[in-house]
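S.K.: One structure follows; several queries about it will come next.
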Amino acid sequence: MSKREDDGCARKRKTEAGYKPEDCVNPDSSVIAAFKVFQQELDTKHDKHERLVKISRDVTIESKRTIFLLHRVTSVPDVEEILSEADVKLDGVRQKIGQIAEELRGEDLHQFHRAFTPGIQEYVEAVSFHHFIRHRTLISLEEINARLVFMRENKGEGEVAWTGPSVLTFQITPIDYLLGVADLTGELMRMCISSVGNGDIDTPFQLSGFLRQIHDGFSYIGNTGPYEVSKKLHTLRQSLGKVEDACYTLRVRGSEIPKHMLADVFSSRAATHVDPDEPMV
């Protein structure tokens, strides 16, 4: 473009009302074409991110409902019925995770990790709580990932060039697993208090030993792991301290306090040990 044409555009910009910058832009420019491609890629990525956030929110909600259901095991005679009902709910959660796997097909997981990590952590918490109630052990990352295998029917659309069934997997990262297990300790602490309130004196001592093992495992990581893990270690220690305090009270003063009053005693003692920096659950 010549200097005279540049001056003409400048005068047009100053004198004509409603002038748009696109009037002096060459629509056939390779730069404009490249930025249009960038725009489409960013819009596609943003839309996928929003869909993952919505699915993750559904996973979180259903996982929390499963945890609430599992807390009923301390007050019902048929524990297996509660566990079977929780199995059905967890199967539904896994189908939601299958939707996340479909969205991530052919994508870099780490680009969208922040969109779905809250739901995955909540799922790890729910499935590990369920596994502990049934087996009294901690479920491994390999066992969790083994259940996240899905069969999908390809229709030959998009990037998939063939039709027929295919196997789709989702792999939970070690960090999400550790964060979910750290959250599990809070549920075990609540289970301890509920068990005592229902006259179960043995469960708190089992939980105390189990929580001590988890704490020892996290202690090996210390400050060398991700920031989120070291941050939740503080909450883990608080949960362990409350359970050990309950066990101490049971061992020393258990015979002095009626069983129907034990839960109230432990709840009040736990409230006096709450750290002001601890988030309310």
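Nothing in this text is a laboratory measurement; each read-out follows from the coordinates by a stated rule. Nothing here was measured: the structure is a model prediction, and the numbers come from that model. Here Cβ is always computed from backbone atoms with ideal geometry, including for glycine, and neighbour counts include all displayed protein chains.
S.K.: I'd like the distance between the alpha-carbon centres of the range 80-137 and the range 183-259, rounded to an integer number of Å.
M.R.: 24
S.K.: Report ³J(HN,Hα) in whole Hz for each residue of the range 59-70, in order, from the Karplus equation J = 6.51 cos²θ - 1.76 cosθ + 1.60 where θ = phi - 60°; Gly and Pro get x.
M.R.: Values, residue by residue: 4, 4, 4, 5, 5, 5, 4, 5, 5, 4, 5, 5 Hz.
S.K.: When the chain is fully extended, how far beyond the present Cα-Cα distance does residue 213 get from residue 44, taking 0.36 nm per residue of separation? Mind showing how you got there, number by number?
M.R.: Working: separation 169, 0.36 × 169 = 60.84 nm, distance 4.49 nm.
Answer, rounded to one decimal: 56.4 nm.
S.K.: Only sites in a loop by DSSP and with at most 14 other Cβ atoms within 10 Å count here; which chymotrypsin sites (Phe, Trp or Tyr not before Pro) in the range 90-152 make the cut? Don't skip to the answer; put the middle values down first.
M.R.: Numbers: sites: 112, 116, 123, 129, 132, 150; in loops: 112.
When the chymotrypsin sites (Phe, Trp or Tyr not before Pro) of the range 90-152 are filtered for loop state and at most 14 Cβ neighbours within 10 Å, nothing remains.
S.K.: Follow-up. Take the residue pairs 54/242; 96/242; 48/232; 64/231 and return only those whose Cα atoms are more than 31 Å apart.
M.R.: As for pairs spanning more than 31 Å Cα to Cα, those are 54/242; 96/242.
S.K.: Another question, then. Can you give me the Rg/Rh ratio for the range 173-266, using Cα atoms for both radii and the Kirkwood formula for Rh?
M.R.: Radius of gyration relative to Kirkwood radius: 1.06.
S.K.: Let me ask something additional. What does the extension gain come out to for residue 202 and residue 91, with contour length at 0.36 nm per residue minus their alpha carbon separation?
M.R.: 36.9 nm
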